[in-house]
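The values are calculated or read from the model by the stated rules, or taken from the named source; none is laboratory data. No experiment lies behind these values; they were computed from the predicted model shown. Here the Cβ positions follow ideal geometry from the backbone for every residue, glycine too, while neighbour counts run over all protein chains shown. All accessible areas refer to the heavy atoms of the entire protein, side chains included, with ligands and DNA or RNA removed. Shrake-Rupley method; radii C 1.70, N 1.55, O 1.52, S 1.80 Å.
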Amino acid sequence: MPLSLENYLDDAANTPELKPVAKTLVELTRAAVKVQQAISTAGISHTDGSAVPEQNASGETQKALDIFADEAFLQAAKNAPVFSYGSEEQEEPVVLGAGELALAIDPLDGSSNIETNVSVGTIFSLLPVLPAHKVMACEAYRQPGNRQLAAGFFVYGAQLLLVLTLGAGTRIFIYQPKSGGFFLLNAETSLPGDSREYSINASNRRFWPSSVARYIEDLEAGEDGPRGRNFGMRYVGSLVADTYRILQRGGVFLYPADERQGYAKGRLRQTYEANPIAFCIEQAGGAATNGTARILDLVPDGLHARTPFIFGTQGEVALIAEYAGLPTA
């Protein structure tokens, strides 16, 4: 019998700081099941993928499912030892008044892909709440990612998956509808050391920094170029789908800052997208940077701070830094 998530958490939560983490993760999985069910019935229920006349805190058009997911995970946070709930869909953190954790979450990442039946997901990060954060809840979201107690993401697709790290490796759990629980899919996830795939939105090429453009050009040159081998591009445009593929097959993902208005500091959010993904990637043997520095060492300036984001196989991430003229370890 595969190991259940509950049993895994019982074994892992052997320190006082991880006990509230375990309780919170159980509540998050219950919300994820509700979201998966809502997605699977989108178009035949009141909860669908259509847009509503609202924008979230990041300035993106909300869909009905965004709101549904936000409400489901907010309720999960209320049922857990969570002090504050920081969501992409909320302008400011929601203070719940009790608990030892700050939850940063993108309740439904990639929701613009719902109508195309592409895998979407939920990305989350759990941070400690210090005494100062109880006075100003927003300060809890100005902690660097290296202080995360746990992080992960759910993938809503053909299977409902949970990718999770507690800081001791990255593990993948699969939801079994018959038993109503999550079970360990593999003992430990490690990025393949060598890969010939990269992920980037090539339509933005004309706006890229020159170092990124040179790196991609050398990949495209294939076996006749300086890399001496052929590479393939795989880009879904759903962060959880692209991340899960890299965890399984290796490779590198690039979302650099560029010259477009509003993209000078990157586009992805640091606290509830880059930090949790970076934590999972590093714990699987990969690397994650903003192009110049390790993502998990950076201090965000708030809940909705943006950042350039490059992650994947260590060798490729280090090589991209070389293209930018940076020293590598």
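The residues on offer are 240, 252, 236, 317, and the sole one that is surrounded by fewer than 19 Cβ atoms within 10 Å (Cβ to Cβ), of a type in the set (A, V, I, L, M, F, W, C) and either farther than 25 Å from residue 146 by Cα or outside the structural domain of residue 168 (by the TED database) (or both) is 236. Within the range 128-154, the set of residues being assigned to a strand (DSSP E or B) and open to solvent by 10 Å² or more (accessible area, probe 1.4 Å) comprises just one member, 128. Is one or more of the residues making up the range 288-299 open to solvent by 50 Å² or more (accessible area, probe 1.4 Å), without any contact (Cβ under 8 Å) to a residue 24 or more places away in the chain and outside the structural domain of residue 144 (by the TED database)? Within the range 288-299, one or more residues are open to solvent by 50 Å² or more (accessible area, probe 1.4 Å), without any contact (Cβ under 8 Å) to a residue 24 or more places away in the chain and outside the structural domain of residue 144 (by the TED database). Among the residues making up the range 1-19, those that are closer than 17 Å to residue 125 by Cα and modelled with pLDDT of 90 or more are 9, 18, 19.
I'd like to check something: does the range 118-126 contain any residue that is open to solvent by 10 Å² or more (accessible area, probe 1.4 Å) and either part of a strand (DSSP E or B) or free of Cβ contacts under 8 Å to residues at least 24 places away in the same chain (or both)? No, that holds for no residue.
Hey, could you check the range 170-214 for residues that are under 20 Å from residue 236 (Cα atoms) and within 19 Å of the chain's Cα centre (by Cα) and say which is surrounded by the fewest Cβ atoms within 10 Å (Cβ to Cβ)? Restricting to residues being under 20 Å from residue 236 (Cα atoms) and within 19 Å of the chain's Cα centre (by Cα), the top hit is 201. Residues that are more than 19 Å from the chain's Cα centre (by Cα) and hydrophobic (A, V, I, L, M, F, W, C) within the range 69-83 comprise 80, 82, 83, listed in sequence order.
Based on this model, can you work out whether residue 322 counts as of a type outside the set (Val, Ile, Thr) and crowded, with 21+ Cβ neighbours inside 10 Å? No; evaluated as a whole, the condition is false for this residue. For the range 167-207, the set of residues classified as more than 23 Å from residue 13 (Cβ to Cβ) and among the charged types (D, E, K, R) consists of 178, 194, 196, 197, 205, 206, listed by residue number. Here is a check on your reading of the model: is residue 163 closer than 22 Å to residue 236 by Cβ and of a type outside the set (Ser, Thr, Tyr)? Yes.
Contact map, the range 176-204: first residue in contact (Cβ under 8 Å) with a residue 24 or more places away in the chain and part of a loop (DSSP other than H, G, I, E, B), second residue of a type outside the set (A, V, I, L, M) and open to solvent by 70 Å² or more (accessible area, probe 1.4 Å), Cβ cut-off under 7 Å, separation 6 or more or different chains; pairs are 192/249; 195/249; 196/230; 200/235; 201/235.
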